[in-house]
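The values are calculated or read from the model by the stated rules, or taken from the named source; none is laboratory data. All figures in this text were calculated on a predicted structure; none of them were measured in a lab. All Cβ positions, glycine included, derive from the backbone under ideal geometry; neighbour counts span all protein chains shown. Note: accessible area is taken over every heavy atom of the protein model, side chains too, but ligands, DNA and RNA are not part of it. Shrake-Rupley method; radii C 1.70, N 1.55, O 1.52, S 1.80 Å.
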Amino acid sequence: MSRHAVILGGTGQLGAASARTLLDDGWSVTIAHRGERPLPSGVLDSAETAILDRADADAVVDLCRGADLVLDCLAFAPADAAIHGRLVGDVGSVVVISTASVYRGENGTWLDVATGEEDFPVLPVPVTEEHATVESDDEGYSARKAALERALLAIDGLPVTILRPGAIHGPHSPALREWFFIKRALDGRERIPLAHRGESRFSTSASVNVAELVRLAGERPGRRVLNAVDDPAPTVLEIGQAVLAHLGRSAEFVLLDGAPVDGVGGHPWAVPRPVVLSMEAARDELDYEPVGSHRATIGSAVDWMLDAVRDADWRERFPALATRYGASGWFDYDAEDRLLAR
């Protein structure tokens, strides 16, 4: 008998990847979304769709009741756990996407509140799921996600798997960080400066690897929190090398000591201390094996983004790159040339 999954937020990056993985494994899939974005190619013909708003709790509960798996890509705050409390006993497994940024540094700070190198969170390498998370009344993203996790785990009898991805990459990303390297390759830049000698590590997460964890959690319901990142975690230098290799381009990486200088050498992964998560628990709990490493999986993301900007200005096609990641300051080539000429 076919297993059935409902995906809340199925037009997004992780929802689309999970739908494909589940469909390929023989699941039937219903993708719930608000109808504001088209379904990703390759999913539309095989999945059922339901147009609804996640805020309509009754409609969501009616749709999810009886499903073997419910994947929630839209939960962001503790109030969002209430829907799942109404599904106890009526679903096989629930998977909720959280974030690696819930971890609290040993110095008491976390990613949302850090202002620079001095107060950047100090985390063990690697970070396991038992490490302390944010406990704060702050309304920031990380604090709300941590509170969501606690609310979910407080629901008696809920078979919930909480996944903590890092810097997600893959097709259908609203803000593909790898554009930092892609655009430089397209612009023919021969030298690429990287702060911290290109050694910064912020765990990346291939959407296909997260989707594989979703599939496994659907097969093995339980109450657990799992990291969901690429293993091993690449350095930013390795990320750049992988992107350029996929594009068939080459450049000299200029490895700068210390922090960016007037922005030069900065990049989307420029962390002064490593944020590297362990995948040991996923292997132990679910017999998880990754679909591929960062280098093996990044090509599909690069190809997708190149296609997405082929007939559009990247700033208009991906406004979140500027608003969330500051991409408007990534490509000051004049400043780079001045610094590198010294």
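Residue by residue, here is whether (1) buried (at least 23 other Cβ atoms within 10 Å of the Cβ); (2) acidic (D, E); (3) over 21 Å from L8 (Cα atoms); (4) in contact (Cβ under 8 Å) with a residue 60 or more places away in the chain holds:
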| site | (1), (2), (3), (4) |
| --- | --- |
| L71 | yes, no, no, yes |
| V94 | yes, no, no, yes |
| A146 | yes, no, no, no |
| R150 | no, no, no, yes |
| T161 | yes, no, no, yes |
State the number of residues belonging to segment 54-64 that are within 15 Å of I7 (Cβ to Cβ) and assigned to a loop (DSSP other than H, G, I, E, B).
1
Working carefully through the options S101, S136, S173, S142, find the one that is within 30 Å of W304 (Cβ to Cβ) and open to solvent by 10 Å² or more (accessible area, probe 1.4 Å).
S101
Among (1) part of a loop (DSSP other than H, G, I, E, B); (2) touching a residue at least 12 places away in the same chain (Cβ under 8 Å); (3) closer than 30 Å to D53 by Cα; (4) more than 20 Å from the chain's Cα centre (by Cα), A82 falls short only on (1)
Tell me which residues, restricted to segment 115-139, are farther than 19 Å from A228 by Cα and touching a Pro at 6+ places or on another chain (Cβ under 6 Å).
E117, F120
Residue pairs qualifying under the 7 Å Cβ cut-off, at least six apart or on distinct chains, with the first in segment 315-342 being among the basic types (K, R) and the second being part of a helix (DSSP H, G or I), are R315/A322; R317/A308
Among the numbered conditions (1) closer than 26 Å to G218 by Cα; (2) touching a residue at least 12 places away in the same chain (Cβ under 8 Å), tell me where E130 comes up short.
(2)
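Only one of these is closer than 17 Å to L8 by Cβ, touching a Leu at 6+ places or on another chain (Cβ under 6 Å) and surrounded by fewer than 22 Cβ atoms within 10 Å (Cβ to Cβ): P78, P126. Name it. Walk me through it before giving the result.
On the way: P126 fails: closer than 17 Å to L8 by Cβ.
The unique qualifying residue is P78.
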From F120, F180, residue being among the aromatic types (F, W, Y) and part of a loop (DSSP other than H, G, I, E, B):
F120
